[in-house]
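Reviewing the structure listed below.
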Amino acid sequence: MGLVLRNLQTVVPLRRARMRKDVDILRHIFGVQRFDMGIICVDNRRIQRINRVYRRRDQPTDVLAFPFYEDLRPGKLPCVLQRDEYNLGDIFLGVECVMQQCRETSQDLHQTLTVVTAHGICHLLGYRHETEEEWNEMQQKESYILSEFNRLTGSRLQPLTKRCSHHT
Amino acid sequence: MLKSVSRAVQLAARLSSRSSASPASAISSAPRLSRTFSRSIWSLSGSSGASSGSRPRLLTATRALPTLSCGCGSLHTEGDKAFGEFLTDEIKEEKKIQKNASLPKMSGGWELDLNGTEAKLTRSLAGEKVTITFNVNNSIPPQLEEEPEQTQKGPEEEPDIVSTPNFVVEVTKQGTKSSLVFDCHFPEDETSHGEGEEESDIFSIREVSFQPEGDTDWKETSYTLNTDSLDWALYDHLMDFLADRGVDNTFADELMEMSTALEHQEYIKFLENLSTFVKCK
């Protein structure tokens, strides 16, 4: 089944085909093409609600990840026995929040969504950034993934650099 | 953890054939019980040959029914009188909750053409004509019972009735004889009533086909692309194609709003006609 893409919001016009293409390249670089994954685009109101319910943080955010496998060692793919276990989980993209950030920094929305999605996939694969060590490990992985993405597509994407722990 | 969307989609794919065949007679619940009830009465009073004989017929004039005099020559019963009074109150209530007597406007320069319960929106853009057609009949999905704590409304408040009609998008290019036609619908999500984690797109494309331009009947011999088992990259391009022509989530939201207002308008009109008919005015 691969990538399930859902757009549940009306605030930000999205190019679905481009998003799918970019995320498919990311999945290829991560080596997780065989795994299903959901990407759900939502507005501030909805991501704030999800953030409140699941993380007790009553504010909008750019990305929330819900791994199917919750105890993965960072970077280790899950051992899968059955077809329906080829599932990494879901990433909720706060596209309205991302758009606001893009306006402030004059960055391209879809490029930024690719960066944010790469960050989300890292979370699905067990990466965290609660400690300095975890952060460095995740930063390294993101840098590698995006440098490969840049090499394949001619883009110049940079990993999420701000130090934050507002994702799940 | 949230229910995984990708897993849910696997299940949805299995169920899609059932959901697409949902009964066309979806009737709203609490506020419009009168409609369901009146239909039941209608079916009881059907005058087919099989129903004749000794079976009692509800709306047939007999000497046993109390009648009221009127110069029109039609039957008037005590029941009709009570029915008329009920309809007067119902119409008053419905008008009270009607947000606007006029329909909301669609953004994007769409021209609206109404024919009873059918609405047609048209827009021309750089040599292309885009037409949207929908019918508000049977466009209200049944309301699901919700747990009281999950709703933000008080127990006395009734849930909002929203009309979510299937709609057909027809894209016609200049100088071509056939149009590209998209059969679109608002998915009936199990959790889409209220503030749940809805997991379906606001609207989706069900079928795509080339059809002779201007034909109202669907030509069954034209190849019809069903999106149930479609390559998703192709599906995304189709959605982007519609978005470029003004048919996106915002449009779908506005269409829902307009359809809801039109359905309500037609409902009130129906009640008024019914009232006139019953009261024989």
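What average number of partner chain Cβ atoms lie no more than 10 Å from the Cβ of the residues making up A:46-53? Provide the component values of the computation, followed by the final result.
Numbers: counts 3, 0, 0, 2, 2, 0, 0, 2.
Across A:46-53, the average partner-chain Cβ count within 10 Å equals 1.
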**Request:** Just order A:112-123, A:16-27 by mean Cβ neighbour count inside 10 Å, highest at the front, would you?
**Result:** A:112-123, A:16-27
**Fill in**
Output field shielding_mean for A:56-69 (other chain Cβ, 10 Å radius) holds 1
**Prompt:** Of the peptides B:112-121, A:45-54, how do they stack up when ordered by the mean number of other Cβ atoms within 10 Å, highest first?
**Reply:** A:45-54, B:112-121
**Request:** Collect residues whose amide H, placed 1.01 Å from N in the peptide plane, falls under 5 Å from the amide H of A:G89; neighbours closer than 5 in sequence don't count.
**Result:** A:G38, A:F68
**Under 11 Å, Cβ to Cβ, from B:N135 - net charge with Lys/Arg +1 and Asp/Glu -1** = -2
**Item:** Extended-chain gain in nm, criterion 0.36 nm per residue less alpha-carbon gap, B:S222 and B:F86
**Value:** 44.0 nm
**Prompt:** Amide H neighbours of A:S155 under 5 Å, counting only residues 5+ apart in sequence or on other chains, H built in-plane at 1.01 Å?
**Reply:** none
**For A:8-21, mean number of other protein chain Cβ atoms within 10 Å** = 5
**Item:** Too-long pairs where the Cα-Cα distance tops 21 Å, listed order kept, from A:K21/B:K173; B:K129/B:K269; B:K92/B:K279; B:K129/B:K177
**Value:** A:K21/B:K173; B:K129/B:K269
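Just so you know, all these numbers are worked out from the coordinates, no wet-lab data involved. Keep in mind the model is a prediction, meaning the values are calculated, not measured. In this analysis, Cβ positions are derived from the backbone assuming ideal geometry, glycine residues included, and neighbour counts consider all displayed protein chains.
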